[in-house]
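Before any comments, here is the structure.
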Amino acid sequence: MQVVYSPAHLGHDIDTETVMGLGIPANEVAERAEKIRSALEADGGFDLTGPTDHGEDPITAVHDPGLVRFLEEAWSEARSQGIGRPFLAADTYPNRAMFEGMSPEAMERLVREPRHVGGRAGFWGLDTAAPLVAGTYVAARAAVDVALTTVDLVLGGQTAAYGLCRPPGHHAARAMYGGYCFFNNAAIAAHAITQATGERVAILDVDYHHGNGSQQIFWRRGDVRYVSIHADPERQYPFFLGRADETGEGEGAGENLNIPLAAGATNADYLEATDRALEAIAAVPGSVVVVSLGFDTYGLDPIGDFALTTDVYHEVGRRVAALGRRLVILQEGGYHRPSLGENARAWLRGAEGRDFDPLPSAGFSPGGAVAG
Ligand SMILES: [Zn+2]
């Protein structure tokens, strides 16, 4: 399988993130993508290639140009405004209740981007979980190019290709970044496929978290079906979207399928949900599926609470490929670094119909345990 990778992600590395106001060692770090890259290289069955530059148009086809400008300028703005922090994160957001009772006309005037870069971060951001550093914009642009180059490979005739996107994307909405995500790589890819083929496209999101950004972007569209298996937002980020009764509106009515799972979800629970998701995708026409691939569903993941093991990723990859559609597979989350490479290798080998055996060097058993 062809793998698209860019070292530009290395410029977006972070030591610390905040969870409920407390600084903790960051989870979404550059080492994640490097772990996956080295495991795929060690496998010998994957060909790494660099992305090609696709420019800004495919991004603004999905995202507000104001968001693009903010992300481009944010770091130099922070410096020129004398904010000497190691990263930029907001702490004030325009909560909907701040404007309660004000008319839509008043809202139009009042809800606007301020000049202070911390305020701008709050205007465009969802949360404090997407710290921005000097290399963030370049990395986020490269992740989009990785996704779009993966699309090119698949539309060029490959049955499946994998884009090692970092930063991830599925929490980024049309006019919002957040949750480690800046541009929505999968949504940009799905939209580009609809434009290039005139076909319907499905997004299968198997990250542990609900892809609120992907849902929002395609909520009213009849040409992109979004199907997600994730932790119930009653107990997990992103908390405010991802419930089973969110099904789309207008032309998108019935095109959004959320499958929330309880804590402790097992391999069997997950495969049952996978079959349901694949049925929903098979029910509509289209020849390409975009997979938002996350491994924070893994039993040892530091921020997840599912109980999946490596062998189930091989089986999920196999079942997704059995749909008989071409696959644009894009990396999202997954934060247990020792297992990431093996989990990705298992999934992708499953999608190619190859067996999976753990690499001897991985110190790793597919039952879920990590040696040492
Ligand atoms: Zn996730």
Can you find, within the range 179-209, the residue that is farthest from the ligand (Cβ to nearest atom) among those that are assigned to a loop (DSSP other than H, G, I, E, B) and more than 18 Å from Pro238 (Cα to Cα)? Gly198
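Suppose the filter is at pLDDT 95 or above, surrounded by fewer than 24 Cβ atoms within 10 Å (Cβ to Cβ) and closer than 15 Å to Ile203 by Cα; does Ala160 pass it?
It is true that Ala160 is at pLDDT 95 or above, surrounded by fewer than 24 Cβ atoms within 10 Å (Cβ to Cβ) and closer than 15 Å to Ile203 by Cα.
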With respect to Asp205, determine if the residue is at pLDDT 95 or above and out of contact with any Phe, Trp or Tyr (no Cβ under 9 Å at 6 or more places or on another chain). no
Just for the range 210-228: of the residues that are out of contact with any His (no Cβ under 9 Å at 6 or more places or on another chain) and within 21 Å of Arg319 (Cα to Cα), which one is farthest from the ligand (Cβ to nearest atom)? Arg225
Write out, first by first residue and then by second, each pair whose Cβ atoms fall under 9 Å of each other, whose residues are 6+ apart or on separate chains, and whose first residue, in the range 236-260, is of a type in the set (Lys, Arg) while the second is modelled with pLDDT of 95 or more. Arg243/His210; Arg243/Asp232; Arg243/Pro233; Arg243/Glu234; Arg243/Asn258; Arg243/Pro260
Confirm whether Leu348 is of a type outside the set (Val, Ile, Thr), surrounded by 15 or more Cβ atoms within 10 Å (Cβ to Cβ) and touching a residue at least 60 places away in the same chain (Cβ under 8 Å). yes
Residue check for Ala121: under 16 Å from Tyr177 (Cα atoms) and in contact with a strand residue (DSSP E or B) (Cβ under 8 Å, 6 or more places away or on another chain): yes
(1) of a type outside the set (Ser, Thr, Tyr); (2) surrounded by 14 or more Cβ atoms within 10 Å (Cβ to Cβ); (3) touching a residue at least 12 places away in the same chain (Cβ under 8 Å): which one isn't true of Ala61, the others all being true? (2)
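From the list Arg337, Arg354, exactly one residue is within 19 Å of the chain's Cα centre (by Cα) and touching a residue at least 60 places away in the same chain (Cβ under 8 Å). Which is it?
Result of the check over Arg337, Arg354: Arg337.
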If I go through the range 64-94 residue by residue, how many of them are aliphatic (A, V, I, L, M) and surrounded by fewer than 14 Cβ atoms within 10 Å (Cβ to Cβ)? 1
Working only within the range 263-299, note down all residues that are touching a Lys or Arg at 6+ places or on another chain (Cβ under 9 Å) and within 14 Å of Gly317 (Cα to Cα). Leu271, Thr274, Asp275, Leu278, Val289
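Taking Val151, is it assigned to a helix (DSSP H, G or I), crowded, with 24+ Cβ neighbours inside 10 Å and either at pLDDT below 95 or in contact with a Ser or Thr (Cβ under 7 Å, 6 or more places away or on another chain) (or both)? Steps first, please.
Details: assigned to a helix (DSSP H, G or I): yes; crowded, with 24+ Cβ neighbours inside 10 Å: yes; either at pLDDT below 95 or in contact with a Ser or Thr (Cβ under 7 Å, 6 or more places away or on another chain) (or both): no.
It is false that Val151 is assigned to a helix (DSSP H, G or I), crowded, with 24+ Cβ neighbours inside 10 Å and either at pLDDT below 95 or in contact with a Ser or Thr (Cβ under 7 Å, 6 or more places away or on another chain) (or both).
The values are calculated or read from the model by the stated rules, or taken from the named source; none is laboratory data. Predicted model, so just to flag it, every value in this text is computed and none were measured. Don't worry about glycine lacking a Cβ; one is built from the backbone with ideal geometry, like all the others, and counts go over all protein chains shown.
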